[in-house]
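Asker: This is the structure, below, for whatever I ask next.
The values are calculated or read from the model by the stated rules, or taken from the named source; none is laboratory data. As the structure is a prediction and not an experimental result, all values here were calculated from the model. Backbone-built Cβ (ideal geometry, glycine too); neighbour counts: all protein chains shown. Please note that ligands, DNA and RNA were not included when accessible areas were found on the heavy atoms of the full protein model with its side chains. Shrake-Rupley method; radii C 1.70, N 1.55, O 1.52, S 1.80 Å.
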Amino acid sequence: MKVTAAVTHEKGKLAIETVELDPPKASEVLVRLIASGVCHTDSAGIEQFIPVALPAIFGHEGVGVVEEVGIGVEGLKKGDRVILTFPSCGVCDPCIAGEPYTCEIMNDLFFNGTYKDGTKRFHKDGQGISSFFGQGAFASHVVVDARNAVKVDVDDENLAYLCSLGCGVQTGAGSVLNYCKPEPGSSLVVFGCGGVGMAAIMAAKIAGCSTIIGVDVVPSRLNLAMELGATHVVNGKEVDAVEEIVKITNGGANFSIECSGIPALTLQALSCLRRNGTCVVASVTGDAVVGIPIEPLLMNKSVTLAGLTEGGANPQVFIPKLVQFYKEGKLPVDKLVKFYDFKDIEQAFQDSHAGVTIKPILRF
Ligand SMILES: NC(=O)c1ccc[n+]([C@@H]2O[C@H](COP(=O)([O-])OP(=O)(O)OC[C@H]3O[C@@H](n4cnc5c(N)ncnc54)[C@H](O)[C@@H]3O)[C@@H](O)[C@H]2O)c1
Ligand SMILES: [Zn+2]
Ligand SMILES: [Zn+2]
(Lines give C-alpha, C1' and ligand atoms only; values in the text may rest on other atoms or scores of the structure.)
(Ligands and ions follow the chains in the order given, each with its own letter.)
Protein backbone atom coordinates (compact mmCIF):
# COMPACT_ATOMS: atom_id res chain seq x y z
CA MET A 1 0.00 0.00 0.00
CA LYS A 2 1.03 3.63 -0.46
CA VAL A 3 1.75 5.56 2.75
CA THR A 4 3.12 8.98 3.70
CA ALA A 5 6.45 9.08 5.50
CA ALA A 6 9.33 11.39 6.45
CA VAL A 7 12.28 9.74 4.69
CA THR A 8 15.95 10.43 5.43
CA HIS A 9 17.84 9.99 2.14
CA GLU A 10 20.92 11.88 3.27
CA LYS A 11 22.37 12.66 6.68
CA GLY A 12 20.47 15.34 8.60
CA LYS A 13 17.53 15.57 6.15
CA LEU A 14 13.84 14.67 6.29
CA ALA A 15 11.58 14.64 3.21
CA ILE A 16 7.87 13.94 3.43
CA GLU A 17 6.90 11.69 0.53
CA THR A 18 4.86 8.68 -0.59
CA VAL A 19 6.46 5.24 -0.19
CA GLU A 20 5.32 1.61 -0.55
CA LEU A 21 4.64 -0.47 2.58
CA ASP A 22 4.49 -4.29 2.40
CA PRO A 23 1.63 -6.17 4.07
CA PRO A 24 2.45 -7.78 7.44
CA LYS A 25 4.30 -11.11 7.29
CA ALA A 26 3.81 -13.93 9.81
CA SER A 27 3.77 -12.63 13.42
CA GLU A 28 3.53 -9.00 12.24
CA VAL A 29 0.78 -6.38 12.28
CA LEU A 30 -0.05 -3.35 10.15
CA VAL A 31 -0.77 -0.27 12.29
CA ARG A 32 -2.31 3.05 11.23
CA LEU A 33 -0.52 5.61 13.37
CA ILE A 34 -2.44 8.26 15.29
CA ALA A 35 0.69 9.94 16.68
CA SER A 36 4.44 9.53 16.99
CA GLY A 37 6.88 10.91 19.59
CA VAL A 38 10.12 12.70 18.69
CA CYS A 39 13.14 11.53 20.69
CA HIS A 40 16.88 12.34 20.82
CA THR A 41 17.67 8.84 19.63
CA ASP A 42 15.92 9.69 16.34
CA SER A 43 18.25 12.68 15.92
CA ALA A 44 21.23 10.42 16.60
CA GLY A 45 20.09 8.24 13.69
CA ILE A 46 19.16 11.08 11.33
CA GLU A 47 22.56 12.71 11.97
CA GLN A 48 24.16 9.25 11.50
CA PHE A 49 25.87 9.16 14.94
CA ILE A 50 24.08 5.81 14.89
CA PRO A 51 24.96 4.55 11.39
CA VAL A 52 21.52 3.26 10.28
CA ALA A 53 21.62 2.41 6.54
CA LEU A 54 20.00 5.15 4.45
CA PRO A 55 17.45 5.73 3.09
CA ALA A 56 15.66 5.26 6.38
CA ILE A 57 12.45 6.14 8.18
CA PHE A 58 13.12 7.08 11.81
CA GLY A 59 10.62 7.34 14.68
CA HIS A 60 10.22 4.73 17.41
CA GLU A 61 7.41 6.00 19.63
CA GLY A 62 4.31 5.32 17.52
CA VAL A 63 0.76 4.77 18.76
CA GLY A 64 -2.20 3.76 16.64
CA VAL A 65 -4.80 1.27 15.52
CA VAL A 66 -4.23 -2.26 14.20
CA GLU A 67 -5.51 -2.49 10.62
CA GLU A 68 -4.39 -5.99 9.62
CA VAL A 69 -2.73 -8.96 11.34
CA GLY A 70 -0.31 -11.47 9.79
CA ILE A 71 -0.49 -15.26 10.06
CA GLY A 72 -0.02 -16.61 13.56
CA VAL A 73 -0.58 -13.35 15.45
CA GLU A 74 -2.28 -14.00 18.76
CA GLY A 75 -3.73 -11.44 21.13
CA LEU A 76 -4.16 -8.64 18.56
CA LYS A 77 -6.97 -7.99 16.09
CA LYS A 78 -8.13 -5.29 13.69
CA GLY A 79 -9.28 -2.20 15.60
CA ASP A 80 -7.10 -2.73 18.70
CA ARG A 81 -5.34 0.38 20.08
CA VAL A 82 -1.61 -0.21 20.49
CA ILE A 83 1.47 1.51 21.89
CA LEU A 84 4.54 0.53 19.88
CA THR A 85 7.76 -0.19 21.74
CA PHE A 86 11.28 -1.54 21.24
CA PRO A 87 11.72 -4.81 19.31
CA SER A 88 13.15 -8.06 20.69
CA CYS A 89 13.66 -11.49 19.13
CA GLY A 90 11.48 -13.57 21.45
CA VAL A 91 13.66 -16.68 21.22
CA CYS A 92 17.00 -15.86 22.95
CA ASP A 93 17.47 -16.79 26.63
CA PRO A 94 16.77 -13.26 28.02
CA CYS A 95 13.63 -12.92 25.86
CA ILE A 96 12.35 -16.30 27.03
CA ALA A 97 13.09 -15.27 30.62
CA GLY A 98 10.87 -12.18 30.14
CA GLU A 99 13.79 -9.75 29.94
CA PRO A 100 13.59 -8.46 26.35
CA TYR A 101 15.52 -5.30 27.34
CA THR A 102 18.61 -7.52 27.28
CA CYS A 103 17.68 -9.36 24.05
CA GLU A 104 20.90 -10.73 22.57
CA ILE A 105 20.23 -9.18 19.16
CA MET A 106 18.65 -5.92 20.33
CA ASN A 107 21.24 -3.70 18.63
CA ASP A 108 20.57 -5.41 15.29
CA LEU A 109 16.79 -5.08 15.68
CA PHE A 110 17.02 -1.44 16.84
CA PHE A 111 19.56 -0.14 14.35
CA ASN A 112 20.01 -2.45 11.31
CA GLY A 113 16.86 -1.12 9.67
CA THR A 114 15.63 -4.65 8.93
CA TYR A 115 13.18 -7.03 10.59
CA LYS A 116 13.95 -10.40 12.21
CA ASP A 117 14.06 -12.12 8.81
CA GLY A 118 16.63 -9.60 7.55
CA THR A 119 14.27 -7.88 5.09
CA LYS A 120 12.75 -4.37 4.95
CA ARG A 121 9.06 -3.39 4.79
CA PHE A 122 9.23 0.10 3.24
CA HIS A 123 10.28 0.53 -0.42
CA LYS A 124 10.49 3.21 -3.08
CA ASP A 125 11.39 2.73 -6.76
CA GLY A 126 12.48 -0.83 -6.02
CA GLN A 127 14.87 0.19 -3.23
CA GLY A 128 14.36 -0.95 0.40
CA ILE A 129 14.06 1.71 3.11
CA SER A 130 15.28 1.01 6.67
CA SER A 131 12.82 1.06 9.60
CA PHE A 132 14.30 2.42 12.84
CA PHE A 133 13.63 0.24 15.95
CA GLY A 134 11.54 -2.13 13.81
CA GLN A 135 8.99 0.71 13.49
CA GLY A 136 9.90 3.68 11.29
CA ALA A 137 7.15 5.59 13.06
CA PHE A 138 7.55 8.84 11.12
CA ALA A 139 5.00 7.35 8.73
CA SER A 140 1.22 7.23 8.49
CA HIS A 141 1.30 3.40 8.66
CA VAL A 142 3.91 0.90 9.86
CA VAL A 143 4.40 -2.85 9.98
CA VAL A 144 5.78 -4.11 13.31
CA ASP A 145 6.36 -7.45 14.96
CA ALA A 146 3.41 -8.24 17.25
CA ARG A 147 5.92 -8.49 20.16
CA ASN A 148 6.48 -4.75 20.01
CA ALA A 149 2.85 -3.69 19.76
CA VAL A 150 1.25 -3.49 23.20
CA LYS A 151 -2.56 -3.56 23.27
CA VAL A 152 -4.00 -0.87 25.56
CA ASP A 153 -7.46 0.23 26.58
CA VAL A 154 -7.48 4.00 25.92
CA ASP A 155 -9.45 6.29 23.61
CA ASP A 156 -7.67 7.92 20.64
CA GLU A 157 -7.47 11.37 22.28
CA ASN A 158 -5.61 10.02 25.33
CA LEU A 159 -3.58 7.55 23.28
CA ALA A 160 -1.90 10.43 21.42
CA TYR A 161 -0.37 11.63 24.71
CA LEU A 162 1.09 8.21 25.48
CA CYS A 163 3.67 7.85 22.68
CA SER A 164 6.68 7.96 24.98
CA LEU A 165 5.35 5.14 27.16
CA GLY A 166 6.95 3.00 24.44
CA CYS A 167 10.44 4.40 25.07
CA GLY A 168 11.34 7.52 27.09
CA VAL A 169 8.76 7.20 29.89
CA GLN A 170 9.26 3.45 30.06
CA THR A 171 13.00 4.10 30.45
CA GLY A 172 12.69 6.62 33.28
CA ALA A 173 9.80 5.04 35.17
CA GLY A 174 11.18 1.53 34.68
CA SER A 175 14.58 2.46 36.13
CA VAL A 176 12.78 3.29 39.36
CA LEU A 177 9.97 0.73 39.47
CA ASN A 178 11.63 -2.28 37.82
CA TYR A 179 15.23 -1.87 38.96
CA CYS A 180 15.60 0.30 42.10
CA LYS A 181 12.27 -0.76 43.65
CA PRO A 182 12.72 1.80 46.44
CA GLU A 183 11.18 1.11 49.85
CA PRO A 184 8.60 3.74 50.79
CA GLY A 185 10.46 6.54 52.58
CA SER A 186 13.59 6.24 50.44
CA SER A 187 15.47 9.15 48.92
CA LEU A 188 16.00 9.28 45.16
CA VAL A 189 17.79 11.82 42.95
CA VAL A 190 17.18 12.36 39.24
CA PHE A 191 19.92 14.03 37.17
CA GLY A 192 18.40 15.66 34.07
CA CYS A 193 14.69 16.57 34.16
CA GLY A 194 13.82 15.89 30.51
CA GLY A 195 11.31 13.32 29.27
CA VAL A 196 13.16 10.39 30.83
CA GLY A 197 13.98 12.17 34.10
CA MET A 198 10.44 13.51 34.65
CA ALA A 199 9.11 9.97 34.27
CA ALA A 200 11.60 8.82 36.92
CA ILE A 201 10.38 11.58 39.26
CA MET A 202 6.72 10.60 38.77
CA ALA A 203 7.63 6.95 39.37
CA ALA A 204 9.55 7.79 42.56
CA LYS A 205 6.40 9.45 43.85
CA ILE A 206 4.33 6.39 42.91
CA ALA A 207 6.85 4.21 44.79
CA GLY A 208 6.40 6.32 47.92
CA CYS A 209 9.86 7.92 48.10
CA SER A 210 9.91 10.62 50.77
CA THR A 211 12.73 12.68 49.33
CA ILE A 212 12.76 13.16 45.54
CA ILE A 213 15.40 15.53 44.21
CA GLY A 214 15.44 16.81 40.61
CA VAL A 215 18.71 18.21 39.25
CA ASP A 216 18.73 20.32 36.08
CA VAL A 217 20.10 23.62 34.81
CA VAL A 218 16.88 25.03 33.31
CA PRO A 219 14.61 26.80 35.86
CA SER A 220 11.36 25.97 34.00
CA ARG A 221 12.24 22.26 34.08
CA LEU A 222 12.94 22.47 37.82
CA ASN A 223 9.54 24.12 38.38
CA LEU A 224 7.79 21.36 36.42
CA ALA A 225 9.76 18.73 38.37
CA MET A 226 8.28 20.14 41.60
CA GLU A 227 4.81 20.02 40.07
CA LEU A 228 5.29 16.37 39.07
CA GLY A 229 6.51 15.07 42.43
CA ALA A 230 9.98 16.36 43.31
CA THR A 231 10.24 17.44 46.95
CA HIS A 232 13.45 19.41 46.25
CA VAL A 233 15.22 20.71 43.16
CA VAL A 234 18.85 21.61 42.62
CA ASN A 235 20.15 23.89 39.86
CA GLY A 236 23.47 22.29 38.91
CA LYS A 237 24.64 25.56 37.34
CA GLU A 238 24.24 27.54 40.56
CA VAL A 239 25.39 25.19 43.31
CA ASP A 240 27.54 22.10 43.86
CA ALA A 241 24.85 19.48 43.25
CA VAL A 242 26.56 16.71 45.24
CA GLU A 243 27.10 18.91 48.31
CA GLU A 244 23.50 20.11 48.13
CA ILE A 245 22.08 16.56 47.83
CA VAL A 246 24.19 15.28 50.74
CA LYS A 247 22.85 18.18 52.81
CA ILE A 248 19.19 17.59 51.83
CA THR A 249 19.41 13.83 52.46
CA ASN A 250 21.47 14.14 55.60
CA GLY A 251 24.39 12.07 54.32
CA GLY A 252 23.51 10.93 50.79
CA ALA A 253 20.68 9.46 48.76
CA ASN A 254 19.58 5.82 48.54
CA PHE A 255 19.17 5.98 44.76
CA SER A 256 20.18 8.16 41.84
CA ILE A 257 19.16 7.95 38.19
CA GLU A 258 21.32 9.56 35.50
CA CYS A 259 18.96 10.87 32.80
CA SER A 260 20.89 13.80 31.30
CA GLY A 261 23.21 11.97 28.94
CA ILE A 262 26.13 14.11 30.18
CA PRO A 263 29.01 11.76 31.10
CA ALA A 264 30.34 13.90 33.96
CA LEU A 265 27.01 13.68 35.76
CA THR A 266 27.38 9.93 36.24
CA LEU A 267 30.21 10.64 38.66
CA GLN A 268 28.02 13.16 40.51
CA ALA A 269 25.17 10.66 40.58
CA LEU A 270 27.50 8.12 42.16
CA SER A 271 29.09 10.58 44.58
CA CYS A 272 25.77 11.79 46.02
CA LEU A 273 24.83 8.30 47.29
CA ARG A 274 24.90 7.16 50.89
CA ARG A 275 26.46 3.79 51.78
CA ASN A 276 24.84 0.86 49.97
CA GLY A 277 23.20 3.25 47.49
CA THR A 278 22.47 2.49 43.83
CA CYS A 279 23.07 4.65 40.78
CA VAL A 280 21.32 3.72 37.51
CA VAL A 281 22.55 5.13 34.21
CA ALA A 282 19.34 5.34 32.16
CA SER A 283 20.75 7.76 29.62
CA VAL A 284 22.90 7.09 26.59
CA THR A 285 26.20 8.76 27.41
CA GLY A 286 28.30 7.79 24.41
CA ASP A 287 31.81 6.46 24.84
CA ALA A 288 32.99 8.52 27.81
CA VAL A 289 34.91 6.79 30.58
CA VAL A 290 33.87 7.76 34.08
CA GLY A 291 36.75 7.79 36.57
CA ILE A 292 35.42 6.42 39.82
CA PRO A 293 37.49 7.34 42.88
CA ILE A 294 37.67 4.61 45.54
CA GLU A 295 38.95 5.89 48.88
CA PRO A 296 42.40 4.38 49.51
CA LEU A 297 42.81 2.47 52.79
CA LEU A 298 39.17 3.01 53.76
CA MET A 299 36.22 0.70 53.48
CA ASN A 300 34.46 1.55 50.20
CA LYS A 301 30.88 2.77 50.23
CA SER A 302 29.35 -0.49 48.93
CA VAL A 303 27.58 1.47 46.20
CA THR A 304 26.34 -0.04 42.93
CA LEU A 305 26.67 1.52 39.49
CA ALA A 306 24.18 -0.04 37.08
CA GLY A 307 23.65 0.38 33.36
CA LEU A 308 20.08 -0.25 32.25
CA THR A 309 18.33 -0.26 28.87
CA GLU A 310 14.67 0.69 28.38
CA GLY A 311 14.02 0.76 32.12
CA GLY A 312 14.53 -2.97 32.53
CA ALA A 313 11.01 -3.39 31.18
CA ASN A 314 9.06 -6.26 29.72
CA PRO A 315 6.81 -3.90 27.72
CA GLN A 316 3.86 -6.28 27.36
CA VAL A 317 3.62 -6.29 31.16
CA PHE A 318 4.94 -2.84 32.09
CA ILE A 319 3.22 -0.55 29.55
CA PRO A 320 -0.33 -1.53 30.62
CA LYS A 321 0.72 -0.73 34.21
CA LEU A 322 1.95 2.71 33.10
CA VAL A 323 -1.34 3.29 31.26
CA GLN A 324 -3.22 2.46 34.46
CA PHE A 325 -1.07 4.98 36.41
CA TYR A 326 -1.86 7.59 33.73
CA LYS A 327 -5.60 6.91 34.05
CA GLU A 328 -5.35 7.25 37.83
CA GLY A 329 -3.64 10.64 37.43
CA LYS A 330 -0.36 9.34 38.90
CA LEU A 331 1.64 9.57 35.67
CA PRO A 332 0.61 12.90 34.09
CA VAL A 333 2.80 12.57 31.01
CA ASP A 334 0.44 14.94 29.18
CA LYS A 335 2.26 17.77 31.02
CA LEU A 336 5.41 17.00 28.98
CA VAL A 337 3.72 17.02 25.58
CA LYS A 338 3.29 19.54 22.78
CA PHE A 339 1.53 18.42 19.59
CA TYR A 340 2.72 19.21 16.04
CA ASP A 341 1.20 18.40 12.66
CA PHE A 342 3.22 15.69 10.94
CA LYS A 343 4.18 18.18 8.23
CA ASP A 344 5.89 20.31 10.92
CA ILE A 345 8.33 17.54 11.88
CA GLU A 346 11.36 19.82 11.36
CA GLN A 347 9.92 22.36 13.81
CA ALA A 348 9.30 19.58 16.34
CA PHE A 349 12.98 18.58 16.18
CA GLN A 350 14.12 22.21 16.45
CA ASP A 351 11.96 22.75 19.56
CA SER A 352 13.28 19.53 21.08
CA HIS A 353 16.92 20.57 20.53
CA ALA A 354 16.30 24.08 21.82
CA GLY A 355 14.72 22.66 24.99
CA VAL A 356 11.46 24.51 24.25
CA THR A 357 9.43 21.28 24.23
CA ILE A 358 10.18 18.29 26.45
CA LYS A 359 8.21 15.77 24.38
CA PRO A 360 7.13 16.84 20.88
CA ILE A 361 4.45 14.56 19.44
CA LEU A 362 3.53 14.46 15.76
CA ARG A 363 -0.11 13.89 14.84
CA PHE A 364 -1.25 12.26 11.63
N1 LIG B 1 13.80 9.74 25.21
C2 LIG B 1 13.99 8.43 25.06
O3 LIG B 1 13.18 7.75 24.45
C4 LIG B 1 15.17 7.78 25.65
C5 LIG B 1 15.15 6.42 25.93
C6 LIG B 1 16.27 5.85 26.49
C7 LIG B 1 17.35 6.63 26.77
N8 LIG B 1 17.35 7.94 26.46
C9 LIG B 1 18.50 8.75 26.78
O10 LIG B 1 18.24 9.39 28.03
C11 LIG B 1 18.81 10.68 28.03
C12 LIG B 1 17.76 11.71 28.34
O13 LIG B 1 16.77 11.71 27.35
P14 LIG B 1 15.62 12.82 27.37
O15 LIG B 1 14.75 12.52 26.22
O16 LIG B 1 15.00 12.89 28.72
O17 LIG B 1 16.51 14.12 27.08
P18 LIG B 1 16.21 15.64 27.46
O19 LIG B 1 17.11 16.49 26.64
O20 LIG B 1 14.74 15.88 27.41
O21 LIG B 1 16.67 15.75 28.99
C22 LIG B 1 17.98 16.01 29.41
C23 LIG B 1 17.92 17.03 30.54
O24 LIG B 1 19.22 17.19 31.10
C25 LIG B 1 19.34 18.53 31.48
N26 LIG B 1 20.74 18.93 31.67
C27 LIG B 1 21.60 19.39 30.74
N28 LIG B 1 22.76 19.71 31.32
C29 LIG B 1 22.65 19.43 32.63
C30 LIG B 1 23.54 19.55 33.75
N31 LIG B 1 24.79 19.97 33.60
N32 LIG B 1 23.09 19.20 34.96
C33 LIG B 1 21.81 18.75 35.10
N34 LIG B 1 20.93 18.61 34.09
C35 LIG B 1 21.35 18.95 32.87
C36 LIG B 1 18.65 19.29 30.35
O37 LIG B 1 18.31 20.61 30.72
C38 LIG B 1 17.43 18.40 30.10
O39 LIG B 1 16.33 18.81 30.87
C40 LIG B 1 19.49 10.83 26.67
O41 LIG B 1 20.84 10.41 26.80
C42 LIG B 1 18.75 9.86 25.80
O43 LIG B 1 19.52 9.44 24.69
C44 LIG B 1 16.28 8.51 25.94
ZN1 LIG C 1 15.91 -11.88 22.21
ZN1 LIG D 1 13.55 6.87 22.56
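Asker: Can you tell me which condition residue 233 does not meet? The list is (1) open to solvent by less than 20 Å² (accessible area, probe 1.4 Å); (2) β-branched (Val, Ile, Thr); (3) not in a helix (DSSP H, G or I), and all the others hold.
Answerer: Residue 233 satisfies every listed condition except (1).
Asker: Going through 198, 202 one at a time, which residue ends up being near ligand 1 (Cβ under 10 Å from one of its atoms) and open to solvent by less than 20 Å² (accessible area, probe 1.4 Å)?
Answerer: Going through 198, 202 in turn, just one is near ligand 1 (Cβ under 10 Å from one of its atoms) and open to solvent by less than 20 Å² (accessible area, probe 1.4 Å): 198.
Asker: Here are 145, 125: which of them is within 16 Å of ligand 2 (Cβ to nearest atom) and acidic (Asp, Glu)?
Answerer: 145
Asker: Then there's this: Considering only residues that are outside any helix (DSSP H, G or I) and in contact with an Asp or Glu (Cβ under 9 Å, 6 or more places away or on another chain), look in region 210-230 and name the one that is most open to solvent (accessible area, probe 1.4 Å).
Answerer: In this case the residue turns out to be 217.
Asker: Considering only region 1-45, how many residues are within 19 Å of the chain's Cα centre (by Cα) and surrounded by fewer than 23 Cβ atoms within 10 Å (Cβ to Cβ)?
Answerer: Adding up the residues that qualify gives 5.
Asker: Can you pull out every residue in region 77-110 that is within 15 Å of residue 52 (Cα to Cα) and in contact with a Pro (Cβ under 8 Å, 6 or more places away or on another chain)?
Answerer: 106, 109, 110
Asker: Sticking with this one: Out of all the residues in region 350-361, which are assigned to a helix (DSSP H, G or I) and surrounded by 19 or more Cβ atoms within 10 Å (Cβ to Cβ)?
Answerer: 352
Asker: For region 23-33, give me each residue that is of a type outside the set (Lys, Arg) and out of contact with any Leu (no Cβ under 6 Å at 6 or more places or on another chain).
Answerer: 23, 26, 27, 28, 30, 31, 33
Asker: Okay, moving on. Tell me yes or no: at least one residue of region 130-143 is in a helix (DSSP H, G or I) and either in the same structural domain as residue 264 (by TED's automatic domain parsing) or within 29 Å of residue 246 (Cβ to Cβ) (or both).
Answerer: Within region 130-143 (the criterion being in a helix (DSSP H, G or I) and either in the same structural domain as residue 264 (by TED's automatic domain parsing) or within 29 Å of residue 246 (Cβ to Cβ) (or both)), the answer is no, since none of the residues qualifies.
Asker: Next question, about the same structure. Take the residues in region 66-76 that are touching a Pro at 6+ places or on another chain (Cβ under 7 Å) and open to solvent by less than 70 Å² (accessible area, probe 1.4 Å), then tell me which one is nearest to ligand 2 (Cβ to nearest atom).
Answerer: Applying the filter and picking the extreme gives 70.
Asker: Go through region 60-85 and give me each residue that's within 14 Å of ligand 3 (Cβ to nearest atom) and either basic (Lys, Arg) or touching a helix residue (DSSP H, G or I) at 6+ places or on another chain (Cβ under 6 Å) (or both).
Answerer: 60, 61, 63, 83, 84, 85
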